[in-house]
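Have a look at the structure below, then the notes.
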Amino acid sequence: MSADALAAPYPDTAGHFGRFGGRFVPEALVAALDELDGAWRTAMADESFRGEFAALLRDYAGTPSLLYPAERLSAKLGARVLLKREDLNHTGAHKVRNVLGQALLTKRMGKRRVIAETGAGQHGVASATAAALFDLECVVYMGEVDTERQALNVARMRMLGATVVPVTTGSRTLKDAMNEAMRDWVANVDETHYLIGTAAGPHPFPAMVRDFVRGIGDEARQQCLDQIGRLPDAVAACVGGGSNALGIFHAFVGDADVRLYGFEAGGDGVETGKHAASITGGSTGVLHGTRTYVLQDADGQTVESHSISAGLDYPGVGPEHAWLHDSGRATYTPVTDTEAMAAFELLCRTEGIIPAIESAHALAGAVQIAPKLAAELGREPVILINLSGRGDKDVHTAGEYFGILDKEQ
Amino acid sequence: MSRIGVAFDKARADGRAVLVGCMPAGFPTVEGSIAAMTAMVEAGVDVIEVEIPYSDPVMDGPVIQKASDIALAGGVRTADALRIIEAVAATGAPVVTMTYWNPVERYGVDAFARDLAAAGGTGLITPDLIPDEAQEWLAASDAHGLDRTFLVSPSSTDQRLAMTVQHCRGFVYATAVMGVTGARARTSDAAPILVSRTREVTDLPVGVGLGVGTGAQAATVAGYADGVIVGSALVRCVLDAPDRAAGLTALRTLSAELADGVRNPTR
Ligand SMILES: Cc1ncc(COP(=O)(O)O)c(C=O)c1O
């Protein structure tokens with residue numbers, strides 16, 4: 001990595017990314033967060049942990065994921081598009097990397113129970129999977145609204161032996177599931193690890209989760225060099241809490257010529273107020289243990305987010321993204337439901353790949369930046385897109401959206 | 001000395017613990033919450049803890065969550081909470097405010113401290129702000145003469161306990177159990193240990209909260225702590241009542257029972 005200032009060791013030891021991050025938690029959790037911080041730092045410096053993690057990622061999760069030159073999509077976009085195929089990972093998304101890392105840590109800390117929050121259900125499924133593999137008790141909190149729109153994933157988690165708790169408070173979506181998981185954690189912290197599913201939450205979660213998923217970018221950077229002999233002009237990812245985006249960005253932060261683009265869920269459009277674009281449409285605040293950009297009203301009450309994608313439907317964002325935004329190193333732009341679904345269809349039809357609706361936001365963003373980059377560079381740009389997950393879980397939502405379900409379905 | 005400190009001193013001189021009763025601002029309505037808190041004062045609650053309702057109260061159990069949701073659905077705002085604090089402070093009882101951090105940060109930390117002091121509030125209990133992140137609040141509370149109550153927990157290390165109480169002013173809040181607010185059948189075994197650990201590092205009064213709901217439990221906690229903090233059980237009086245008058249009656253009855261408890265400590 002280059003000597004770029006941004007590549008300095010961030011966050012600081014207390015988890016601050018500039019003015020963002022930190023720990024805004026009940027004192028009861030501080031001891032557990034310190035324990036986790038210590039366990040994570042020790043583990044990352046330990047060859048045997050790193051070896052075990054690498055072996056799991058390779059033999060169990062199926063990584064390194066492929067870097068696929070999507071030629072028909074490239075022709076449509078007027079850009080050379082490389083897809084980082086995280087959709088091919090075991091359990092269908094990048095999330096498996098994070099849960100395997102955290103499950104290994106859970107074992108090392110001698111805890112026997114994990115809890116998780118989930119929106120789309122992808123992180124819940126990944127957590128239930130890791131819990132089964134590591135013989136840990138697993139409880140997944142999921143907003144009641146999400147249990148309805150992601151029923152298939154609820155069934156998956158139960159098959160894997162997890163207990164799914166529908167959360168009926170507040171807006172009954174991801175943020176409320178996270179509140180409930182925090183409450184569980186405060187009460188059971190001795191024996192329980194809270195397996196947060198994205199690069200958000202109190203320190204050390206944002207930095208730790210980034211470390212566990214950074215393989216996405218490390219692999220992609222090398223694959224780019226191997227396959228096309230150069231780095232991409234731009235890297236594109238969708239941003240919910242921000243794990244897949246940080247995972248692919250991190251390796252490129254020091255490469256000043258590589259533009260980083262995060263695409264937030266614009267829902268019906270940021271101007272309508274019905275969206276989940278925390279950076280574009282939010283303001284600085286404290287949510288779920290960290291200072292970051294938050295969707296909130298004038299009194300600091302969290303405002304409900306809206307997105308067709310359950311995995312992006314969150315009114316906050318990881319603090320490192322807030323900081324990358326403020327520093328100008330990465331650019332964050334909203335993509336509407338309509339734009340995302342058009343890109344969803346485009347990938348299905350051009351490449352025979354059904355993406356997660358989350359990932360379709362990154363594709364839609366790439367559609368928008370391709371002509372601008374081409375004009376700016378005066379040549380065909382190379383765009384690396386993180387295809388963070390597959391669309392199996394979204395077939396119902398997409399089928400309804402496109403009106404292609406038979407009546408009785 | 002702060003007004004909270006005076007209340008603790010006075011109770012100590014009487015050989016009893018202070019009773020702190022908590023109610024969310026604006027629950028069930030702005031006027032309703034003023035009436036409820038006034039009734040609590042009249043029935044023997046020494047200190048009123050006004051909780052500013054927040055959309056994501058991670059330290060609160062189902063009862064206070066529900067009451068906060070009702071208050072927010074009724075449109076209560078931070079400015080209303082300050083008005084409520086002013087009205088309750090006018091009864092003469094010291095009023096301490098409990099708030100999650102984001103509403104304060106959004107209001108502006110110094111502006112909030114200024115307006116809280118002007119409303120007659122004594123200070124803040126901050127369930128999700130630890131001293132490590134509190135630089136702005138330390139400065140603002142100094143500037144406006146407000147108390148700072150940070151939480152200590154059974155899981156706090158000795159080092160953190162010492163650091164935390166050093167930043168407290170007024171009183172220290174000891175969370176009796178590892179968990180969220182809500183009345184519990186049994187009082188905690190961890191609480192007396194935490195209180196004595198806290199006393200080893202500070203002369204400030206120590207209040208114990210989480211899980212206290214009956215006169216007998218108040219008497220038990222009064223046996224080892226300087227303050228007994230009751231929330232969910234009082235809120236439930238209003239939540240479960242068929243009408244406002246019944247709610248106020250239930251609230252008076254429980255307040256009196258708790259006031260009796262703190263005067264007859266089990267030792
Ligand atoms: C496939 C996929 N991509 C992206 C996300 C969004 O999360 P993050 O922003 O942490 O990558 C999710 C969340 O569920 C997901 O399932």
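Numerical summary
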item: Net charge dipole size for the protein assembly as shown [Lys, Arg +1 and Asp, Glu -1 on Cβ; Debye, nearest 20]; result: 640 debye
item: Computed over the stretch B:3-263, Cα set: Rg, Dmax in Å; result: 16.5, 49
item: Size of electric dipole in chain B: Cβ of Lys, Arg +1 and of Asp, Glu -1, about Cα centre, debye, nearest 20; result: 580 debye
item: Among B:F8, B:L124, B:L258 the positive-end extreme of the charge dipole of the stretch B:3-263 (Cβ point charges); result: B:L258
item: Backbone HN-Hα couplings from phi across the stretch B:23-37 [Karplus 6.51/-1.76/1.60, Hz, Gly and Pro as x]; result: 8, x, 5, x, 10, x, 9, 4, 5, x, 6, 5, 4, 4, 5
item: Calculated [θ] (222 nm, deg cm²/dmol) that DSSP helices of n ≥ 4 give over chain A, each run adding -39,500 (n - 2.57); result: -13500 deg cm²/dmol
item: Qualifying GluC sites (Glu not before Pro) in the stretch A:302-409, DSSP loop, other Cβ atoms within 10 Å at most 16; result: A:E408
item: Average Cα contact separation per residue, the stretch B:3-263, under 8 Å, 6 or more apart, as relative contact order %; result: 22 percent
item: Dipole-positive endmost among B:T157, B:A81, B:W137 within chain B (Cβ charges, Cα centre); result: B:T157
item: Gyration tensor verdict on the stretch A:290-349 (Cα atoms; rounded if a/c is under 1.5, prolate if a/b is larger than b/c, oblate otherwise); result: oblate
item: Trypsin sites (Lys or Arg not before Pro) lying in DSSP loop within the stretch A:102-142, provided at most 16 other Cβ fall within 10 Å; result: A:R112
item: Most mobile of A:D394, A:D257, A:D299 in a GNM of chain A (Cα contacts under 10 Å); result: A:D299
item: The stretch A:90-129 - charge dipole about Cα centre, Lys and Arg +1 at Cβ, Asp and Glu -1, debye rounded to 20; result: 260 debye
item: Built amide H within the under 5 Å cut-off of A:H16, gap 5+; result: A:G22
item: For the stretch B:130-138, 3J(HN,Hα) per residue [Karplus equation, 6.51 cos²θ - 1.76 cosθ + 1.60, θ = phi - 60°, Hz, x = Gly/Pro]; result: 9, x, 3, 10, 9, 3, 5, 6, 4
item: Rg in Å to one decimal, and Dmax rounded to a whole Å, for the stretch A:77-227 via C-alpha atoms; result: 16.1, 54
item: Gaussian network model of chain B, Cα within-10 Å springs - most flexible of B:A225, B:A39, B:A245; result: B:A245
item: Of A:V235, A:A126, A:V154, farthest towards positive along the dipole that unit charges on Lys, Arg, Asp, Glu beta carbons give the stretch A:76-235; result: A:V235
item: Within-11-Å neighbourhood charge of A:P166 [Cβ basis; K, R +1; D, E -1]; result: -4
item: Amide H partners (placed H, <5 Å) of B:T181, local residues excluded; result: B:D60, B:G61
item: Rounded to whole Hz, the Karplus (6.51, -1.76, 1.60) HN-Hα couplings of the stretch A:347-356, x for glycine and proline; result: 5, 4, 7, 8, 10, x, 10, 8, x, 5
item: Prolate/oblate/rounded label for the protein assembly as shown (Cα gyration tensor, a/c 1.5); result: prolate
item: Pairs beyond 29 Å (Cα-Cα), from A:K76/A:K393; A:K76/A:K175; A:K274/B:K66; A:K95/A:K175; result: A:K76/A:K175
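Since every read-out is calculated from the coordinates, none of them should be taken as a lab result. Being a predicted model, the structure only gives us computed values, none of them experimental. Because the Cβ atoms are built from the backbone with ideal geometry, glycine has one as well, and the counts that use them run over all protein chains shown.
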